[in-house]
Amino acid sequence: MKKEKTFTRTELMVIVVLLLVALVLIPQCTHHVKETSFYPIRCMSNLYGIGRGIKMYQCEYQNLNPIVWPKEVQGQFGMGLYNRRGSTEITRWANPTFDDWTSQPTVGGCLYLLVRCEGVDPKMFVCPGAPDDEVMDIEAARKVAGKNGWKIEGWDDLRDFQSMANLSYSYNDPWASPLDSSASARLVLLADKSPAYDTQTGQRNEQAGDGPVRNQDGDWDDDDGRNPRHGNSRNHGTRWQNVLFGDLHVDDRSEPTAGFKGDNIYTYWAGGKSSSDEQKKTGRWDQGHAIHFVDSYLGN
C-alpha cells in the first residue's frame, strides 16, 4: 500500500512563517494603495476649502481677494522668499515689517490672511500628494519666537507660512490685476504649486529655464508632463495638477494650459498685451507680472 505524503515539521514551520508575513504585509500594501488613491480627492477638497475661505474674505473685505498692501505694490512675483524645508529661522513669517511687504510681498502672505482672518486650517494648504511638504509646526514657531522675545499663542499671531514646504498651492498674481468676486468662472484662482521653485531649498529650480519646453509638434503629451521644465506641478508626480476656478469648481488638468484660451497658468505672457496663443502657452516662469486678469499667472 502506497504511503501518503505528509508535511514535515520544517515545512509546516515555513508555511506558518509565510502566512504570518502575508498577514503583516497585505494590510500595509492595501493601506498604502487606499491612502494614495485618496490623495487627489483630498487635494481637491483642500482647494475647494481654500476657495470657500476666499469667498468669506470677499464678503468681509469689499469683494477683494486676499492681498497684502495696495495693488500698486508689486515686487517681483513668484520669487519664493521663504526658508528652506525644515528651517525654523525667523525671517518673514512671524513679524514682517512694512518695508518687507512693500519691496517683496509674498503669495504666502496673501493666502495666510485666510488663516488669520477666516480661520482656515493651515493643514488645508498642504497637498497630500506633495512628498516634500509639511504642515506648519506651531510649537516650533513658539520656541523660536520665545528666543526673540515674542509671544505666539495661535496661528493668528503669524503673518506668513514658515517655509515653502508649508504651502503646496500657487495663487493668481494678486498685484498686477487683482481678481475679485466678479472673476469669471473660467479664470484660475489657485492650483497645485508651480514647479519653478524647489521646496527643499526655497530656490529656483535649475531645470526651470526661461520658459517651458514643448515638442516640435506642439503637443503636450505624457512624456512632456514628466519633464520638470515642461510646466506640470510636481505635487502629483508631474502627472497633473488640480485647479480651482473662479466659480469654486475644482478640476484636474494633465497640462498646465488650463487658463483662459489655453493660457499656461504658471507663466506670464512674454509678448505684451497682444500675446499670441503660442506665447500664452509658453511664456516666462518668473521675474514679471501678469499682463491683465486674463493672464492666469500663478506663483508661489
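A short reminder: the numbers here are calculations on the coordinates, not readings from a lab. Here the structure is a predicted model, which is why all the values come from computation and not from measurement. Note: ideal-geometry Cβ built from the backbone for every residue, glycine included; neighbour counts use all protein chains shown.
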Any chance you could check the Cα centroid distance between region 135-162 and region 237-273 for me, in angstrom? 34
Other-chain or far-sequence residues with amide H under 5 Å of Phe77's (modelled H): Gln287, Gly288
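Between beta-carbons, use under 14 Å as the cut-off and find the net charge around Ser182, counting Lys and Arg +1, Asp and Glu -1.
Details: positive: Lys55, Arg186; negative: Asp180, Asp247.
Local net charge: 0.
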If Leu167, Leu19, Leu158 are placed from fewest to most neighbouring beta carbons inside 10 Å, the sequence is Leu19, Leu158, Leu167
Past 25 Å, Cα to Cα: identify those pairs from Lys55/Lys123; Lys193/Lys280; Lys123/Lys143; Lys147/Lys193, in the order given. Lys147/Lys193
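Sort Phe161, Phe38 so the one with the fewest other Cβ atoms within 10 Å of its own Cβ comes first. Don't skip to the end; give the middle numbers.
Values: Phe161 24, Phe38 13.
Placing the least packed residue first, the sequence is Phe38, Phe161.
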Kindly write out, for region 182-197 in residue order, the coupling ³J(HN,Hα) from the Karplus curve 6.51 cos²θ - 1.76 cosθ + 1.60 (θ = phi - 60°), rounded to whole Hz, with x marking Gly and Pro. 8, 4, 5, 4, 8, 8, 9, 9, 9, 7, 3, 4, 4, x, 5, 10
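Using DSSP to define loop residues, name the trypsin sites (Lys or Arg not before Pro) in region 136-183 whose beta-carbon has at most 16 other beta-carbon atoms within 10 Å. Could you put the intermediate results ahead of the total?
Numbers: sites: Arg142, Lys143, Lys147, Lys151, Arg159; in loops: Lys151, Arg159.
Taking region 136-183 and a limit of 16 other Cβ atoms within 10 Å, the loop trypsin sites (Lys or Arg not before Pro) found are Lys151.
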